[in-house]
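Here the structure comes first, spelled out in structure tokens, and everything after it is commentary.
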Amino acid sequence: MKLLCVVAAIGCLLAPPAQANKSSEDTRCKCICPPYRNLSGHIYNQNVSQKDCNCLRVVEPMPVDAEAYCLLCECQYEERSSTTIKVTIILYLSVVGALLLYLAFLMLVDPLIRKPDAYTEQLHSAEEEEDARSTAAAGASLGGPRADSVLGRVEGAQQRWKLQVREQRKTVFDRQKMLS
């Protein structure tokens with residue numbers, strides 16, 4: 001709610017005071033003229049009042065046979081509210097900024113709020129103990145100075161992988177026997 005009040009206050013400060021006549025960027029007369037004889041098609045824009053929005057006042061330079069050319073042109077008066085556009089953009093940026101602040105707040109506070117789960121800690125500690133045992137077994141089987149080298153670690157990882165593959169094959173074949 002406070003954010004909405006702040007945005008409304010900023011919108012009121014940035015919005016220009018109401019004027020009797022609109023700025024030249026907010027209104028225009030747009031004439032779209034197709035190709036005609038030796039003239040290529042063209043779009044003409046000019047800031048004129050709504051009653052003066054016609055081909056004779058907007059198209060410059062005017063060709064020699066102006067009346068025939070103007071019959072082909074389509075002119076329409078366009079009006080927009082730049083104040084509404086500004087307020088919409090300010091609201092959009094305010095919402096995005098608030099969401100980014102909320103994201104930063106959650107990223108800072110979440111680790112403090114979240115407590116570690118006892119069950120997941122037990123699983124992680126069991127996995128670490130199992131990894132330590134398999135590494136020790138691989139190191140004992142290799143023996144000597146090779147256990148500390150890079151090659152020794154690679155061989156240990158290879159042995160663990162082979163053991164995992166054997167266990168997977170065993171469980172797959174056991175399941176297959178149970179299903180058949």
In whole percent, the fraction of accessible protein surface over region 26-93 that belongs to carbon or sulfur atoms, probe radius 1.4 Å, stands at 54
Length gained, Lys30-Ser149, 0.36 nm per residue minus C-alpha separation, equals 34.9 nm
Might you work out the accessible area of Lys162 for me, using a 1.4 Å probe with all protein chains in place, and round it to the nearest 10 Å²? 80
How many nm separate the modelled label positions at Ala104 and Leu163, each set 7 Å beyond the Cα in the direction of the Cβ? 4.9
Between Leu72 and Asn45, 0.36 nm times their residue separation minus their Cα-Cα distance comes to what? 8.1 nm
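Let me spell out the model: positive unit charges on the Cβ of Lys and Arg, negative unit charges on the Cβ of Asp and Glu, origin at the Cα centre of region 22-91. What dipole size does that give, in debye rounded to 20?
200
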Roughly how many Å² of Cys70 are accessible to a 1.4 Å probe, to the nearest 10? 20
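The values are calculated or read from the model by the stated rules, or taken from the named source; none is laboratory data. Remember, it's a predicted structure, so these values are computed and weren't measured experimentally. Cβ sites come from the backbone with ideal geometry, for glycine too, and all protein chains shown count toward neighbours. Protein only, heavy atoms only, side chains kept; ligands, DNA and RNA dropped before computing areas. Shrake-Rupley method; radii C 1.70, N 1.55, O 1.52, S 1.80 Å.
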